[in-house]
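Engineer: Dropping a structure here in structure tokens format, bear with me for questions.
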Amino acid sequence: MATVAGPLKQTRLGISGRVGGWIFYGVPLVAFLVLILPRLVLNPGFFLQILVFGVTDGAVLALIALGYTMVYGIIELINFAHGDIFTLGGFIGVLIFSLIGIVPGKDLNLGFLTLFVVIGVMAVTMAINGGINVLIERVAYRPLRHQPRLAPLITAVGMSFILEGLMFIWKGPNFIQSPDLLPGGHFTVLAANVDYRSIVLIAAALVLVVLLTVFIERTKLGKAMRATAQDRDAAQLMGIDINRTISATFFIGAALAAAGGILYGFYLHNFRFDTGFITGLFAFTAAVLGGIGNIRGAALGALLIGLIRAFNDGYGRSEWSDVLIFAILVYVLVFRPTGLLGMQVPEK
């Protein structure tokens, strides 16, 4: 057995090194030049249309992927329940909208006030969703923090099933509709229709990602998060409250996921209890692709995953999109485990 393990280990190190780097970047480049570039030349309008769809999809995935990458960067936990936190945020948003009289198909003609209503509901939803995620961390993950990594990982899978079950009991198996409060209409570029909804969604995601980056780099709590990610014990010796920092990480990740859930509802209009399962796996793949633990990497990976999915739906066969996304996950783990931008925390 040892005689087999040795060569396998050397092969693994080889393909994840310089050779793996050439393969990692070379294969996508060849695929783009052979499969995509000729179609861009033949029909630039259709290419631009797919590009808009891909960037919009990537914007939503970015808000979910940030939660994965933040939690992993702090406590090295892959929180598989995070996708369901995204769905829960959408459900809570729809509930709050209904409580103030905004339901699908009912036009209140609020005009400019619509913006403030949306921002207000989004803020309340983000706070509630963040609080629920902090409670989950306190009850389910914190007692297992010093246990072998498999224990909290299995717990995260269990929390995913629990959340899905609760949402199933709450809303049932059918799709629920979300009110559409994004501006209608579109403008045309090179025969491609660009919806104002896509522009608003992309802009909102970009603003949230920038605010998160500034928060992590400039604020005291953000610095505490980075210190905890680098060395938890040393951070504790320097007076950083580890429990408070980890709870804040879960809160922020769930708040961003809630924003993504509301925007997802505005854009696609409906979702159901298990929508976050597959969407969360896509977002996890995006975090791994960009470099899990890296904020900018998660956003970049989400953008690329959104584009890859859109181009496969447009130029290939849409039924293979899920297979392609998960093939990318395996591809990254084999040839470049650190992702495109790598982790920003040193190896412990």
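Engineer: I'd like the residue in region 216-231 that is in a helix (DSSP H, G or I) and open to solvent by 60 Å² or more (accessible area, probe 1.4 Å) and, out of all such residues, is modelled with the lowest pLDDT. Explain how you work it out, then say what you get.
Structural biologist: We begin by selecting, within region 216-231, every residue in a helix (DSSP H, G or I); these are 216-218, 220-230.
Next, from what is left, pick out any that are open to solvent by 60 Å² or more (accessible area, probe 1.4 Å): 217-218, 220, 223, 226, 230.
Details: E217: 85, R218: 86, K220: 89, K223: 87, R226: 85, Q230: 81.
By that ranking, first place goes to Q230.
Engineer: Among the candidates I169, I128, I132, single out the residue that is more than 25 Å from L66 (Cβ to Cβ) and surrounded by fewer than 20 Cβ atoms within 10 Å (Cβ to Cβ).
Structural biologist: Values: I128 fails: more than 25 Å from L66 (Cβ to Cβ); I132 fails: more than 25 Å from L66 (Cβ to Cβ).
None of the others qualify; the one that does is I169.
Engineer: Looking at R272 and the list (1) open to solvent by 60 Å² or more (accessible area, probe 1.4 Å); (2) touching a Phe, Trp or Tyr at 6+ places or on another chain (Cβ under 6 Å); (3) more than 28 Å from I102 (Cα to Cα); (4) of a type outside the set (F, W, Y), which single condition is not satisfied?
Structural biologist: All conditions pass for R272, except number (3).
Engineer: Right, here's the next one. What number of residues in region 71-82 are under 14 Å from the mean Cα position of the chain (by Cα) and either of a type in the set (V, I, T) or farther than 27 Å from A224 by Cβ (or both)?
Structural biologist: Just the residues of region 71-82 that are under 14 Å from the mean Cα position of the chain (by Cα), to begin with: 71-72, 78-82.
Okay, now just the ones that are also either of a type in the set (V, I, T) or farther than 27 Å from A224 by Cβ (or both), so 71, 78.
Total meeting the criteria: 2.
Engineer: Here's something else I'd like to know. Taking into account only those residues within region 177-215 that are open to solvent by less than 20 Å² (accessible area, probe 1.4 Å) and not small (G, A, S), which is modelled with the lowest pLDDT? Don't jump to the end; show me each part of the working.
Structural biologist: Quick first cut of region 177-215, residues open to solvent by less than 20 Å² (accessible area, probe 1.4 Å) only: 178-179, 192, 194, 198, 201, 205, 212.
Within this subset, residues satisfying the condition of being not small (G, A, S) are 179, 194, 201, 212.
Values: P179: 85, V194: 80, L201: 87, L212: 89.
The extreme case among them is V194.
Engineer: Another one. Every residue in region 83-114 that is at pLDDT below 80, farther than 17 Å from K171 by Cα and either touching a strand residue (DSSP E or B) at 6+ places or on another chain (Cβ under 6 Å) or of a type outside the set (K, R) (or both), please.
Structural biologist: G105, D107, L108, N109, L110, G111, F112, L113, T114
Engineer: Which condition number in (1) open to solvent by less than 50 Å² (accessible area, probe 1.4 Å); (2) assigned to a helix (DSSP H, G or I) is the one that F46 fails?
Structural biologist: With respect to (1) open to solvent by less than 50 Å² (accessible area, probe 1.4 Å); (2) assigned to a helix (DSSP H, G or I), F46 is out only on (1).
Engineer: Of the residues in region 182-198, how many are without any contact (Cβ under 8 Å) to a residue 24 or more places away in the chain and in contact with a Gly (Cβ under 7 Å, 6 or more places away or on another chain)?
Structural biologist: Initial filter on region 182-198 (without any contact (Cβ under 8 Å) to a residue 24 or more places away in the chain): 183-188, 196.
Of the ones still in play, those that are also in contact with a Gly (Cβ under 7 Å, 6 or more places away or on another chain) are 196.
Of the residues in region 182-198, 1 are without any contact (Cβ under 8 Å) to a residue 24 or more places away in the chain and in contact with a Gly (Cβ under 7 Å, 6 or more places away or on another chain).
Engineer: Would you point out which residue out of Y72, Y141 is over 18 Å from P179 (Cβ atoms) and open to solvent by less than 40 Å² (accessible area, probe 1.4 Å)? Give the steps one after another, and end with the answer.
Structural biologist: Numbers: Y72 fails: open to solvent by less than 40 Å² (accessible area, probe 1.4 Å).
Among Y72, Y141, only Y141 is over 18 Å from P179 (Cβ atoms) and open to solvent by less than 40 Å² (accessible area, probe 1.4 Å).
Engineer: Just to check your reading of the model, which residue among L35, L40 is at pLDDT below 90 and in contact with a Phe, Trp or Tyr (Cβ under 6 Å, 6 or more places away or on another chain)? Don't jump to the end; show me each part of the working.
Structural biologist: Numbers: L35 fails: in contact with a Phe, Trp or Tyr (Cβ under 6 Å, 6 or more places away or on another chain).
Exactly one of L35, L40 is at pLDDT below 90 and in contact with a Phe, Trp or Tyr (Cβ under 6 Å, 6 or more places away or on another chain), namely L40.
Engineer: Does region 279-301 contain any residue that is closer than 25 Å to A203 by Cα, open to solvent by 40 Å² or more (accessible area, probe 1.4 Å), in contact (Cβ under 8 Å) with a residue 24 or more places away in the chain and not hydrophobic (A, V, I, L, M, F, W, C)?
Structural biologist: yes
Engineer: Something else about it: Could you say whether any residue in region 233-240 is open to solvent by less than 20 Å² (accessible area, probe 1.4 Å) and touching a His at 6+ places or on another chain (Cβ under 8 Å)? Show your work before the answer.
Structural biologist: Let us first name the residues in region 233-240 that are open to solvent by less than 20 Å² (accessible area, probe 1.4 Å), namely 235.
Within this subset, residues satisfying the condition of being touching a His at 6+ places or on another chain (Cβ under 8 Å) are none.
No, region 233-240 contains no residue that is open to solvent by less than 20 Å² (accessible area, probe 1.4 Å) and touching a His at 6+ places or on another chain (Cβ under 8 Å).
Engineer: Would you be able to say whether some residue in region 147-167 is more than 23 Å from the chain's Cα centre (by Cα) and outside any helix (DSSP H, G or I)? Full working, then the answer.
Structural biologist: Looking only at region 147-167, we keep the residues that are more than 23 Å from the chain's Cα centre (by Cα), and these are 147-148, 151.
Applying the additional criterion that residues be outside any helix (DSSP H, G or I) yields 147-148.
Yes, region 147-167 contains a residue that is more than 23 Å from the chain's Cα centre (by Cα) and outside any helix (DSSP H, G or I).
Engineer: Hey, can you tell me all the residues within region 56-89 that are of a type in the set (S, T, N, Q), more than 16 Å from L263 (Cα to Cα) and assigned to a helix (DSSP H, G or I)? It would help to see each step written out before you state the result.
Structural biologist: If we filter region 56-89 for residues that are of a type in the set (S, T, N, Q), which is where we start, we get 56, 69, 79, 87.
Okay, now just the ones that are also more than 16 Å from L263 (Cα to Cα), so 69, 79.
Result: T69, single match.
The values are calculated or read from the model by the stated rules, or taken from the named source; none is laboratory data. Computed from a predicted structure; not experimentally measured. Glycine also receives a Cβ, built like all others from the backbone with ideal geometry; neighbour counts cover every protein chain displayed. Note: areas computed on protein heavy atoms with side chains; ligands, DNA, RNA excluded. Shrake-Rupley method; radii C 1.70, N 1.55, O 1.52, S 1.80 Å.
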